[in-house]
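Student: My structure is below; once you've seen it, I'll send some questions.
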Amino acid sequence: MACTASTQPLFILELLHSHPTHRTKPSQAFICCTQRRTCPCLSYDSHFKANFPTFPKLPLLSGRPSRFNVGVQKVDASGEEGESLVSDATYQEKFTWSSVILPFLFPALGGLLFGYDIGATSSATISLQSPELSGTTWFNLSAIQLGLVVSGSLYGALLGSLLVYPISDFLGRRRELITAAVLYALGGLTTAYSPALVVLLVGRLLYGLGIGLAMHGAPLYIAETCPSQIRGTLISVKELFIVLGILLGYFIGSFQIDVVGGWRYMFGASAPIALIMGLGMWSLPPSPRWLLLRAVQGKGLLQDYKEKAFLALSKLRGRPPGDKLSERQIEDTLVSLKSAYADQESEGSFLEVFQGSSLKAFLIGGGLVLFQQITGQPSVLYYAGPILQTAGFSAASDATRVSVVIGVFKFLMTWIAILKVDDLGRRPLLIGGVSGLALSLFMLSAYYKFLGGFPIVAVASLLLYVGCYQISFGPISWLMVSEIFPLRTRGRGISLAALTNFGSNAIVTFAFSPLKELLGAENLFLLFGAIALLSLLFVVLVVPETKGLSLEDIESKLLK
């Protein structure tokens, strides 16, 4: 699960770079001003030929047609060119990787802890219900109680997503992530030391609140503090940390499964990671863009916020205090934010998400994140251990070790999706992946119905399910959610999609155990398979291809 943040550049001229053979520097940039002041814009063709006889060579990224942005040049009275005035979205900033690792790593731990909860819960449910291993007198949980234990963190995440929307700008990205780390630690420790089921459920809810805050704040902090040219890469890798957390949860579960009260260690192991996350975020400065946003919103003295933002950016980049590059970046970003904030009154209302092109976008984006969950994904991940036990791996240790294999496979397939989504396109990966999901679910149903003597069928089905999910619904649903909404309603549309995702995730996870008891495993997976076929029909008929299109192209060509 992921949030995205966008910036509005001050001056942009975006050109398709189709002839990367020239290296001559352009004489002077031609610019159309996006601010509200008058700027004479000459015809594109004549001025382009006059001022851009040749192109500088730019590297190709991910095999896609290269796009570049040209910043305006300041010209003084003598006619000499000064420093370029570009926003952070257009400036190709020089940086060292060592300066961006920590501002990325500590927020990304919030995603890792979300994934860890998924992986650890899979093994913890086995330990918690075992008369020999639970170490409690209340191990005999009903289907509803088990559903609440598993989905408790998801209900907390849903509540956290609702709470954070109106207060995120007040808290700031850094304090939001510190608060998330505190909630992660409190939730993990409360769950680990819970003397009764009620206390355990409270701990799961606290942990979920941390998930809700972290999943909102982490991508925002990363996007607002990292150099613009690697922003997309880092946000994508942050999603990979969720999968890494799932694998870590499976791994720790496999080591603690034979220990009496091992479920306590599985849940409690998240606390040290949360402590590292909290201390790490405490050591980092606030987001410079958030500080400038507060200044533009009139929440304090402009000069004070500018100085704080300047110091924060210098610290993030490892530059000495007083460096001119950071000062120029802060000035450019401030002008860009003033321009963007001046248009806030034209931002769409919440109800506008359900009108016109925004409604079409919500049907596409909301439909993807809904089908992402109701095809059984949370059930397969949270209940991987119990499913493997019923599939022939009766020993708890055997089931958890196979879960580790599934986690490694999930991690590898996520890498493949990240590398190929811009080459192959969204629709081919979705159609192929969802087709594989349906096949794997029907295979699981067949195993429970008449192939019980072949446990390899269950393992193969789970691997096929995980692999197909990770190249389709897993990464692409949220990628398309970030692309598909019109600018006017993008923020509220993404928020509504997140609520749809967490809500359907919690419902499916809670309902899995009671439905399995009511319908039987074979019929439940048959139901999930039928829903997967319905989602395949949805992808084929409704979901467009957005590969290679700008956000403006998507809004004008696909939604209208």
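Student: Considering region 320-334 alone, what residues qualify as being of a type outside the set (A, V, I, L, M) and open to solvent by 40 Å² or more (accessible area, probe 1.4 Å)?
Tutor: P320, P321, G322, K324, E327, R328, E331
Student: Okay, moving on. From Q303, Q229, grab the single residue that is of a type in the set (S, T, N, Q), at pLDDT 75 or above and outside any loop (DSSP other than H, G, I, E, B).
Tutor: Only one candidate passes the filter, namely Q303.
Student: I would also like to ask the following. Any idea which of L177, L189 is in a helix (DSSP H, G or I) and open to solvent by 10 Å² or more (accessible area, probe 1.4 Å)?
Tutor: The unique qualifying residue is L189.
This table checks each residue for (1) in contact with a Phe, Trp or Tyr (Cβ under 6 Å, 6 or more places away or on another chain); (2) closer than 20 Å to A271 by Cβ; (3) of a type in the set (D, E).
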| position | (1), (2), (3) |
| --- | --- |
| A124 | yes, yes, no |
| S130 | no, no, no |
| N140 | no, no, no |
| L162 | no, no, no |
| D169 | no, no, yes |
| T179 | no, yes, no |
| L213 | no, yes, no |
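Student: Applying the selection to region 507-532, what residues are among the hydrophobic types (A, V, I, L, M, F, W, C) and over 26 Å from the mean Cα position of the chain (by Cα)?
Tutor: L515, L518, L519, A521, L524, F525, L526, L527, A530
Student: Another question, if that's okay. Take residues that are open to solvent by 60 Å² or more (accessible area, probe 1.4 Å) and either among the hydroxyl-bearing types (S, T, Y) or at pLDDT 75 or above (or both) and tell me which of the helices (runs of 4 or more DSSP H) falling wholly in region 335-391 contain 1 or more.
Tutor: Qualifying helices (runs of 4 or more DSSP H): 356-374, 384-390.
Student: Is region 480-490 home to any residue that is open to solvent by 50 Å² or more (accessible area, probe 1.4 Å) and assigned to a helix (DSSP H, G or I)?
Tutor: yes
Student: If you don't mind, another one. Kindly establish whether G208 is within 13 Å of A269 (Cα to Cα), in a helix (DSSP H, G or I) and open to solvent by less than 10 Å² (accessible area, probe 1.4 Å).
Tutor: Against the criterion (within 13 Å of A269 (Cα to Cα), in a helix (DSSP H, G or I) and open to solvent by less than 10 Å² (accessible area, probe 1.4 Å)), G208 does not qualify.
Student: Working only within region 514-545, note down all residues that are of a type in the set (S, T, N, Q) and open to solvent by 20 Å² or more (accessible area, probe 1.4 Å).
Tutor: Scanning region 514-545 gives a single hit, N523.
So that you can scan it fast, the table gives a plain yes or no per residue for (1) within 20 Å of T121 (Cα to Cα); (2) without any contact (Cβ under 8 Å) to a residue 24 or more places away in the chain:
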| site | (1), (2) |
| --- | --- |
| L146 | yes, no |
| Y155 | yes, no |
| S168 | no, no |
| T179 | no, no |
| T190 | yes, yes |
| L209 | yes, no |
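Student: Go through S153, S122, S127, S161 for me and flag whichever is surrounded by 18 or more Cβ atoms within 10 Å (Cβ to Cβ), touching a Pro at 6+ places or on another chain (Cβ under 9 Å) and of a type in the set (S, T, Y).
Tutor: S122
Student: S556 passes all but one of (1) at pLDDT 80 or above; (2) within 27 Å of P428 (Cα to Cα); which number fails?
Tutor: So S556 meets the others, but not (1).
Student: Hey, another quick one. Inspect all residues belonging to region 521-543 and state whether any of them is among the acidic types (D, E) and at pLDDT below 75.
Tutor: no
Student: Sort out which residues of region 258-287 are of a type outside the set (A, V, I, L, M), assigned to a helix (DSSP H, G or I) and open to solvent by less than 10 Å² (accessible area, probe 1.4 Å), and write them in order of number.
Tutor: Result: G262, W263, S270, G280.
Student: Ok, one more. For region 118-127, state whether one or more residues are at pLDDT 85 or above and within 16 Å of the chain's Cα centre (by Cα).
Tutor: Yes, there is a match, as at least one residue in region 118-127 is at pLDDT 85 or above and within 16 Å of the chain's Cα centre (by Cα).
Student: Continuing with this model, one more query. Could you list all residues from region 429-451 that are more than 17 Å from V466 (Cα to Cα) and surrounded by fewer than 16 Cβ atoms within 10 Å (Cβ to Cβ)?
Tutor: Hits for region 429-451 are K449, F450.
The values are calculated or read from the model by the stated rules, or taken from the named source; none is laboratory data. This is a predicted model, so every value here is computed, not measured. Glycine gets a Cβ as well: all are built from the backbone with ideal geometry, and neighbour counts include every protein chain shown. Quick note on the areas: whole protein, heavy atoms, side chains included, nothing else; ligands and nucleic acids left out. Shrake-Rupley method; radii C 1.70, N 1.55, O 1.52, S 1.80 Å.
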